[in-house]
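Data first, discussion second: the structure below is written as structure tokens.
The values are calculated or read from the model by the stated rules, or taken from the named source; none is laboratory data. Treat the numbers as computed from the prediction; the structure is a model and nothing was measured. For neighbour counting, all protein chains shown are included, and Cβ atoms are generated from backbone atoms with ideal geometry for every residue, glycine included. Heavy atoms of the whole protein, side chains included, go into the accessibility calculation; ligands, DNA and RNA do not. Shrake-Rupley method; radii C 1.70, N 1.55, O 1.52, S 1.80 Å.
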Amino acid sequence: MSTIVFVHAHPDDEGTATAGSMIRASREGHRVVVVYCTDGDPGERSDGEIDPGERADGEIEPGDVPDDLAPGETIASRRRAEAEASAAITGTARVAWLGYSDSGMTGWARNHADGIFSRADPDEAARRLADLFDEEDADVVVGYDWHGGYGHPDHIMLHRTTLAAVEISARRPRYLEVTMNRDLMRQLFVLMTEMGMEGFDPDTSGDDGNPIGTPEAELHWAVDLGDDVLAKREALACHASQSDVRQLLEIPVEAFPFAFGTEHYIEPGRPAGMVRGWWLDAVSGVG
């Protein structure tokens, strides 16, 4: 059995990206660990009020501030609880936190705040993460592609940090990168538009100005989730404090497998060509 560490930028990222693989791995008896690099807290202003996310141009971005926070409950504690609830569904054995704050989207004022992940010292962040890999004696590490799927500053930093941490780990683990199939995303964009829902045009919607995801020709693994896609939806629903999650949950249940029923991975160094199969089988020569 293997220990697999999935590294994510924010609580809820596993719900859209790797929850299906986490569910399968844990069901097969592997130890699944998730590391969140940030707590997902949009931060507080000096006057104690919640900062919804002010952009550099002075406009205000709507924040995901739950309206039902209990006395003494913070956004960070709510999101930690949501992450634990998701872990119970995915079978995750350990939820770890790297200890940084959410950077916000590109152009938000807090891109320049102290303590955010995208401004962390690269060597320190990589060392923190490598220490977790060593503590777990990780066999496999899953990070993000070069622009984090869609260019979020924290996602880009996660790619750099995870890659560096793998290199300095005591026992270099096998390394994969979760990504989105850009060709499939184009089909999904058309479907959502036809349903009257707001979708992401993968060729124009990247937060950093780059297209979303990775062309299918550059992918190595397509993991079909089968019935696990329903549990993946349950894991995603645990993060209902987030408006983008609530929007995704509006996708009809019958259409959800088309959007999220396959998880795609890059494995640097692997020969070109996408294999439709389970990447853990490759350990024993299958695939």
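Quick look at the values:
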{"quantity": "Any hit, the range 260-283, residues being within 30 Å of Leu69 (Cβ to Cβ) and part of a helix (DSSP H, G or I)", "calculated": "yes"}
{"quantity": "Selection within the range 265-286 - out of contact with any Gly (no Cβ under 8 Å at 6 or more places or on another chain) and modelled with pLDDT of 95 or more", "calculated": "Tyr265, Ile266, Glu267, Pro268, Gly269, Arg270, Pro271, Ala272, Gly273, Met274, Arg276, Leu280"}
{"quantity": "Helices (runs of 4 or more DSSP H) wholly inside the range 142-255 that include at least 3 residues being aliphatic (A, V, I, L, M) and in contact (Cβ under 8 Å) with a residue 12 or more places away in the chain", "calculated": "153-168, 182-194, 228-237"}
{"quantity": "Whichever residue in the range 116-147 is touching a helix residue (DSSP H, G or I) at 6+ places or on another chain (Cβ under 7 Å) and closer than 23 Å to Glu218 by Cβ and, among such residues, is most open to solvent (accessible area, probe 1.4 Å)", "calculated": "Trp146"}
{"quantity": "The one condition in (1) in contact with a strand residue (DSSP E or B) (Cβ under 7 Å, 6 or more places away or on another chain); (2) under 28 Å from Gly104 (Cβ atoms); (3) β-branched (Val, Ile, Thr) that Val275 fails to fulfil", "calculated": "(2)"}
{"quantity": "Breaking point among (1) modelled with pLDDT of 85 or more; (2) open to solvent by 50 Å² or more (accessible area, probe 1.4 Å); (3) among the basic types (Lys, Arg), for Arg79", "calculated": "(2)"}
{"quantity": "Failed criterion for Tyr150 (all others in (1) open to solvent by 40 Å² or more (accessible area, probe 1.4 Å); (2) of a type in the set (Ser, Thr, Tyr); (3) farther than 18 Å from Glu14 by Cα hold)", "calculated": "(3)"}
{"quantity": "Failed item, numbered, when Val33 is tested on (1) surrounded by fewer than 24 Cβ atoms within 10 Å (Cβ to Cβ); (2) over 18 Å from Pro173 (Cα atoms)", "calculated": "(2)"}
{"quantity": "Residues of the range 11-23 classified as within 8 Å of the chain's Cα centre (by Cα), open to solvent by 10 Å² or more (accessible area, probe 1.4 Å) and farther than 10 Å from Ser86 by Cβ, total", "calculated": "3"}
{"quantity": "The lone exception for Glu234 - which of (1) over 19 Å from the mean Cα position of the chain (by Cα); (2) open to solvent by 70 Å² or more (accessible area, probe 1.4 Å); (3) over 25 Å from Thr106 (Cβ atoms) it fails", "calculated": "(1)"}
{"quantity": "First in the range 108-137 and within 12 Å of Ala170 (Cβ to Cβ), second anywhere and open to solvent by 40 Å² or more (accessible area, probe 1.4 Å) and part of a helix (DSSP H, G or I), Cβ under 7 Å, 6 or more apart", "calculated": "Ala130/Ile168"}
{"quantity": "Within the range 93-112, tally of residues that are in a loop (DSSP other than H, G, I, E, B) and out of contact with any Ser or Thr (no Cβ under 7 Å at 6 or more places or on another chain)", "calculated": "5"}
